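What follows draws every value from the coordinates through simple rules; no lab data is involved. Just so we're clear, the structure is a prediction, and the values are computed from it rather than from any experiment. Here Cβ is always computed from backbone atoms with ideal geometry, including for glycine, and neighbour counts include all displayed protein chains.
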Amino acid sequence: MTARMRRSRIAAAIAATGIAMSGITLAALPASAAGATLHEAAAESGRYFGSAMAAHYLNNSQTTSILNREFNMITAENEMKMDAMQPQRGNFNWSSGDRIVNWALQNGKQVRGHALAWHSQQPGWMQSMEGPQLRQAMLDHVTQVATYYRGKIHSWDVVNEAFADGSSGARRNSNLQRTGDDWIEAAFRAARAADPQAKLCYNDYNTDNWDHAKTQAVYRMVRDFKQRGVPIDCVGFQAHFNSGNPVPNNYHVTLQNFADLGVDVQITELDIEGSGQSQAEQFDGVVQACLAVTRCTGITVWGVKDTDSWRSYGTPLLFDGNGNKKLAYHAVLDRLNSGGTPADPGDPGPGDPGPGDPGPGDPGPGTPSCTATYSEGEKWNDRFNGIVTIRADTNISSWTATVQLQWPQYVSATWNGSPTWPAERTMVMRPAGNGSLGAGQTTSFGFTVMHGGNWTWPQVSCAAS
Ligand code: 9MR
């Protein structure tokens, strides 16, 4: 299928939905099988549905069970920020980030990395730095953290909140900005070199309304980056709303205009203060806006229960403090189940051929297809755990993954799959139960490798039917 054919298919889908591009009404597509949870409903149109997760969620089994049931993309709320990752210069502390990343991968979730470079939540030693020394420290941080988590991250917020609020359209004044205007592109280049597979995003707030100066300023930067080949794949819209800053009715215009630059767009930190029907309608508006834009690939809410929120007084989330689903939850679920234009993310990485274009190996929409990603699990002196995430690129009825080990490695244990051994050091893994997955859904299996001194990661691939 050519890019033009795909675009006309998408145009037909948009026409079928009856989206009024000037307003924000989206008539329901006939729902196929309604998703019973947020991530299942989002997967019907090829999107993910995520949540922020704080380390303390792990102490609350009610929260982790909601998280596990409803969401398939996880963002560490604070645990992967600069102060958490590098508390002393050159001394990295991976433990808090690892707890969240490992929980996510072990439960078959993907991870948004947040955030590599930011003016806020810098460790003390960095706050007092300026100039070339700070520039180097920032780049070292980006390189080290992105390298450490290489292979585990779906998208990185490479740079967070670099623009000023208000009407200036200027960069935010910060120690990073004072190292020179090119600090942002330098951070993106370092991130690409460290993790070529992750999508690299610029992430900000108050960039939702197309008419606002800040939105326009970020747009000009992204356009410039695309024109000059600076490696950027996505733009994150935080989407923190309240009555003074409601969801704009041109939100889908903003998302579409950014998408037309050749980047994916994602809603990254959604929360809306309020309650009842009016809150539900605001959430509905955000979901509609994303569903209207092919390259809006997913939505993340900024926490599970109202009581966990950074602004709990505003009860801004989808579950109340007792874990009950709120009206807003039902509005989001129903809207996701109503259809929307199928998501069509661009390929990640340096070879991105452009907006929604098929890559050379793109099998087209009808051919079952999946992607296998290896991530590192726990390590010991004599062995390490590996986790393979299988992502369905289309609806698939089953999958088969091949894991290729290297001499003298062998597998001593597996979980969540049925292995066979067609050749020495080749493991073929099939689903333990029903292998069917909707487009965008993921599952994972794991295994323990006795490494015999060879720490090389196994090669993984997958085939779908
Ligand atoms: O939710 C986070 C809160 O727990 C922290 O105290 C706060 C510190 O800056 O950061 C919050 O998360 C922010 C996110 O990292 C970036 N966008 C705005 C979010 C809400 O403040």
remark   = Diffing segment 91-105: the Karplus 3J(HN,Hα) column from phi (6.51, -1.76, 1.60, θ = phi - 60°), in whole Hz with x for Gly and Pro, holds 10, 8, 10, 8, 5, 6, x, 4, 4, 6, 4, 5, 4, 4, 5
key: Computed over the chain, Cα set: Rg, Dmax in Å   = 21.5, 64
request  = May I ask you to compute the full-extension gain from Gln136 to Leu58, defined as 0.36 nm times their residue separation minus their alpha-carbon distance, rounded to one decimal in nm?
outcome  = 24.6 nm
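Too long at a 32 Å Cα-Cα cut-off: which of Lys226/Lys379; Lys81/Lys305; Lys226/Lys326; Lys325/Lys379?
Checking Cα-Cα distances, Lys226/Lys379; Lys226/Lys326; Lys325/Lys379 exceed 32 Å.
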Stretchable slack from Trp310 to Gln404, in nm (0.36 nm times residue separation minus alpha-carbon distance) = 29.4 nm
inquiry  = Restricting to bridges with both residues inside the chain, how much of the DSSP beta-bridge set is antiparallel, in percent to the nearest 5?
reply    = 55 percent
inquiry  = Please list, ordered by chain and number, the residues whose modelled amide H lies under 5 Å from the amide H of Arg295; skip anything fewer than 5 residues away on the same chain.
reply    = Asp344
ask   = If only Cα atoms are counted, what is the Rg of segment 170-212, and what is its Dmax, in Å?
value = 12.9, 36
message = Per 0.36 nm of contour for each residue apart, how much would the distance between Gln227 and Met450 grow if the chain were fully extended, relative to their Cα-Cα spacing?
response = 75.5 nm
request  = Using label points projected 7 Å from each Cα along Cα→Cβ, tell me how many nm separate Asn68 and Ser120, to one decimal.
outcome  = 3.2 nm
ask   = Hey, with R₀ at 56 Å, roughly what FRET efficiency would Asn322 and Thr147 work out to, going by the Cβ-Cβ distance, to 0.05?
value = 0.85
message = Testing the spin-label approximation: label points 7 Å from Cα along Cα→Cβ at Thr371 and Ser168. State their distance in nm.
response = 3.8 nm
ask   = So if R0 is 30 Å, what FRET efficiency would Ser418 and Asn93 give, r being the distance between their Cβ atoms, rounded to the nearest 0.05?
value = 0.20
note = Of the residues Asn59, Ala401, Pro248, the Cα lying farthest along the dipole of the chain towards its positive end, which is defined by charges on the beta carbon of Lys, Arg, Asp and Glu, belongs to Ala401
